[in-house]
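Structure, as structure tokens:
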Amino acid sequence: MGGAVVDDAPPGVKAPDGGWGWAVLAGGFVITGFSYAFPKAVSVFFKELIREFDVGYSDTALISSILLAMLYGSGPLCSVLVNRFGCRPVMMVGGLFASLGMILASFATSIIHIYLCTGVITGLGLALNFQPSLIMLNRYFSEKRPLANGLAAAGSPVALCCLSPLGQVLQYHYGWRGGFLILGGLLLNCCACGALMRPLLPPKKTENLEESIPTEEKKIQPKKKLLDFSVFKDRGFIIYTLAASIMVMGLFVPPVFVVSYAKSLGYEDTKSALLLTILGFVDMFARPLCGLIAGTKWVRPRTVYVLSFAMIFNGCTDLIGSQAKDYGGLVIFCIFFGISYGMVGALQFEVLMAVVGTEKFPSAIGLVLLVEAIAVLVGPPGAGRLLDYTNVYMYVFLLAGCEVTLSAMVLALGNLFCIKIKHGETDATLEMAVNAAEKEGLNRGVEEEEDHGGEEEPKGKDNGKVRALKAGEEEITAMETGEKEEENTSI
């Protein structure tokens, strides 16, 4: 029936943890940068748009809100498309959409056209790139996955530091229309990043073994669901989704209001804008460093609690930063906020991957992003209304800090009291053991095939498979015995 090759991770294929995975990581770095930094970078054109279309600041700010809403709210659609067509074609089409939206926006004659082109079309294109890049990163990395997530997440602050000055230069030389047109061309790089997402293929030995098995002995594989709602049966996923939705209500508030906070204290525009540069610079190094630490042998089994600590750290930073009365206090706030913000950015998707596993991650990430989209549309606007009502920035930062701290409590306490056994980690470990044992058995089968000649070829391969299954069963039994001993020891 034609169509694209769906890049599901084939059974028995272990994540390479390197090789072409580094190219996939480079693509994910660029995609993450465009996805998170672009909604903020277009804000440099807002003054020109206000003058061009005679609208207010709140009208132009809606462009960034629509971009973020599309990035998060298109999650289930991305999951369906990835499960149907694969990551590579979805990302390349998404790159075309992202570029097309900005190019069409350069010919806009009203602010509504900007909403539809930049907000909806470009936002959809970025969403079709962001989520598949995370899925491919999860398939190519296992042992080094925390480090890979941290490095990919660092694309956000790096891109922000590059795109914002670039936008100002483009606006100065070419106006907002020329700037939109050039940025549209720049977004075509998403297609190149999508081309890097090469599907994983099973080893040739495994393919030959599967072909030798009679058709009637092959088990019929159930048809894969385009959107797997069974993740809601997982208590760990429910706890994570609830905590993440509470967190994003307050997580993005301080970067939005810190510049205005400095201006309200009487500091000039340039000096106030420098605060975001400081925050982004610290965030740039915090993400890969946190990913490196999270990948260590002692920390990785406890990444849920490390993420909870990062969220508490971020929330307490907001609470303490709300008391800043001068520029020095805001600089210190931005430094600590950049550290905690980078930790959260490096760990949030790593924890989700550990909770649901590789197979269900494409559906899980889509559903989580949809729930977060609702929270994103509630959080910052709600903080803005609070500011309009009180005219006191302290209350805005206090609200954000309370929301993020509450989400950390939900995640840590929910994981501690509601989940006694970490099924995701156990299943992943058992799967790796079976894959390793099967691979060893296949190698033995091929060696025997070469020794005995062509007449006993099927027999040698079948024996190799039987040995693989037996070896896998022995390793699973040994691991289960070890788990029981650990439980008895803890009791």
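The values are calculated or read from the model by the stated rules, or taken from the named source; none is laboratory data. Here the structure is a predicted model, which means the values were calculated and not measured. Cβ: placed from backbone, ideal geometry, glycine included. Neighbour counts: every protein chain shown. Please note that ligands, DNA and RNA were not included when accessible areas were found on the heavy atoms of the full protein model with its side chains. Shrake-Rupley method; radii C 1.70, N 1.55, O 1.52, S 1.80 Å.
Things worth noting here:
- Per-residue extension of 0.36 nm, minus the Cα-Cα distance of V169 and R84, leaves a gain of 26.5 nm for this segment.
- Under Stokes-Einstein, with the Kirkwood radius over Cα pairs as Rh, the value for segment 283-345 at 20 °C and 1.002 mPa s is 175 µm²/s.
- Calculated over segment 258-409: convex hull of Cα atoms, volume per residue (Å³): 115
- Sorting M394, M311 by solvent-accessible area of protein heavy atoms yields M394, M311, largest first, with a 1.4 Å probe.
- Per principal axis, descending, Cα span of segment 325-408 in whole Å: 49, 27, 17
- Which of Y72, Y267 is most accessible, then next, and so on - probe 1.4 Å: Y267, Y72
- Of K40/K360; K47/K271; K40/K325, those spanning more than 22 Å from alpha-carbon to alpha-carbon: K40/K360; K40/K325
- In this calculation the C-beta distance from L416 to T109 is compared with R0 = 60 Å, giving a FRET efficiency of 0.60.
- Stretchable slack from E359 to K325, in nm (0.36 nm times residue separation minus alpha-carbon distance): 7.3 nm
- By accessible area with a 1.4 Å probe, ligands and nucleic acids excluded, highest first: order of K297, K144: K297, K144
- Across segment 139-152, rounded Karplus estimates of 3J(HN,Hα) from the backbone phi angles (6.51 cos²θ - 1.76 cosθ + 1.60, θ = phi - 60°) give 7, 8, 10, 10, 5, 9, 4, x, 5, 4, 5, x, 5, 5 Hz, Gly and Pro being marked x.
- As a fraction of the 1.4 Å probe accessible area of segment 43-138, surface on carbon and sulfur atoms comes out at 70 percent.
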